[in-house]
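Q: First the structure, then my questions, so here it is.
The values are calculated or read from the model by the stated rules, or taken from the named source; none is laboratory data. Because the structure is predicted, anything quoted here is derived from the model rather than measured. Counting neighbours? That spans all protein chains shown, and the Cβs are built from the backbone with ideal geometry, glycine included.
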Amino acid sequence: MPPALRLSGRVFTLCRWGRADYEVAPLSGLPPEVHLVEAPEAADIVVVPSTRRVVPGDVPRARLVITTTSGFDNLDVPALRAAGVRCARLPLVRRDAVVHTSLGMILGLTRRFGPFAQAAAAGVWDRRNLDTYDARLLGRVAVVGVGVIGSRMVEVLRALGADVVEVRAGQAIPGDVDVVTLHASLTRHNVNLVDAACIARLRRGAVVVNTARGKLLDVEAAFAALRSGHLGGLGVDVFPDEPAELQRWVHPRAIVTPHAAGWHPDLGAHIAEGVATAVRALLAGEAVPWAL
C-alpha cells in the first residue's frame, strides 16, 4: 500500500477524465487548494467513469484515482498501487438505484408482467388462462456477489420473504433457485460466470437478472435459453459490448435497459459529494473511503 500522505498546504490539481452522458453536474465542495485541470497527465487526482481504462502511464502525477462507480475493472489496480497511486471507488452513489432496478426486474419477470401486458395491449381480458402465464412468487433467490450492492439486495429480498442464497466469489451458483441476480465485480476469473452450462442447471422457468457487469453473463446463451422456454425471464441492463444493439433482444419475457440501472436524479450530487470526501481525506493524510 502507498505510504500515508500529508498533502495540505499546496495547490493540487484534479481532472475529471471522461464522464457518462448523463453526468452533467459539475464537481462541487472540493477543498479550495484543489484546482480543476483538463489533462489527466497534469493531475494529482483523477476521476473517471467505468468506461475509462486507467493504467499508470496515463496518470504519471496522480496520487489518487477515483472511479465513480461501484465496479472497478476499468482500473489496473495492482499496477497503479505499485506505482504509488491510491485507487478508490464510489459504491454508494448508485447502490439504491441498482437495487431498486434489480428488484423491479425480478418482480416484473417472476410475475410475468410482459406477457400480461402484451395480451392487454391486444385487448385480451385473459383471466380464464392465468395458469398459462406461470406467474410465480419470489421463491428461492441466488444473490451472486454480496458486496455493497449485493448485501443490500439480500436485505431487501429477505424483507419480502424470499429464501435468499448468498453466492460469494469462488462459489458455484446453485441450480435449485428460481431467480439469479448478479451483483459481483468483474474479474478475469468470472467472465461468463453465468454461461450456457450454468443456465442449463437452473430450474426450468427460472429468471436471470444482470445489472452488474455485462461480461458476467453470456447474453447469447441466456437469450437462447429464454427463447427455448428454459428461462422464464431475463433482465439485462449491461452488455459485453456497449452500446448494444437493443433491438436484437426484444422478447415479451425480457426487460432490457441501456446500462441505466444506477441512474437517479441526484446521482451527480452524490458523485460530487463522494469525490469531495475522498479528496479531503487524501489531503488530510487519512484513509480514503472505499479505497481498493
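Q: Return yes when LEU138 is under 30 Å from VAL177 (Cβ atoms), surrounded by fewer than 17 Cβ atoms within 10 Å (Cβ to Cβ) and not assigned by TED's automatic domain parsing to the domain that holds PRO40 and no when it is not. Give the derivation first.
A: Working: under 30 Å from VAL177 (Cβ atoms): yes; surrounded by fewer than 17 Cβ atoms within 10 Å (Cβ to Cβ): no; not assigned by TED's automatic domain parsing to the domain that holds PRO40: yes.
The answer is no for LEU138.
Q: Search the range 11-54 for residues being among the β-branched types (Val, Ile, Thr) and closer than 23 Å to HIS259 by Cβ, and hand back the single one that is nearest to the chain's Cα centre (by Cα).
A: THR51
Q: On the basis of being exposed (fewer than 13 other Cβ atoms within 10 Å of the Cβ), touching a strand residue (DSSP E or B) at 6+ places or on another chain (Cβ under 9 Å) and closer than 14 Å to ALA272 by Cα, does PRO26 make the cut?
A: It is true that PRO26 is exposed (fewer than 13 other Cβ atoms within 10 Å of the Cβ), touching a strand residue (DSSP E or B) at 6+ places or on another chain (Cβ under 9 Å) and closer than 14 Å to ALA272 by Cα.
Q: Just to verify a result, which residue in the range 179-225, among those that are more than 23 Å from LEU160 (Cα to Cα) and among the hydroxyl-bearing types (Ser, Thr, Tyr), is surrounded by the most Cβ atoms within 10 Å (Cβ to Cβ)?
A: SER185
Q: As an exercise: evaluate ALA281 against (1) surrounded by 13 or more Cβ atoms within 10 Å (Cβ to Cβ); (2) more than 21 Å from the chain's Cα centre (by Cα); (3) assigned to a loop (DSSP other than H, G, I, E, B) and give the number of the one condition it does not meet.
A: It fails just one condition, (3).
Q: Something else now. Of all residues in the range 228-258 being part of a loop (DSSP other than H, G, I, E, B) and among the small types (Gly, Ala, Ser), which is nearest to SER50 (Cα to Cα)?
A: ALA244
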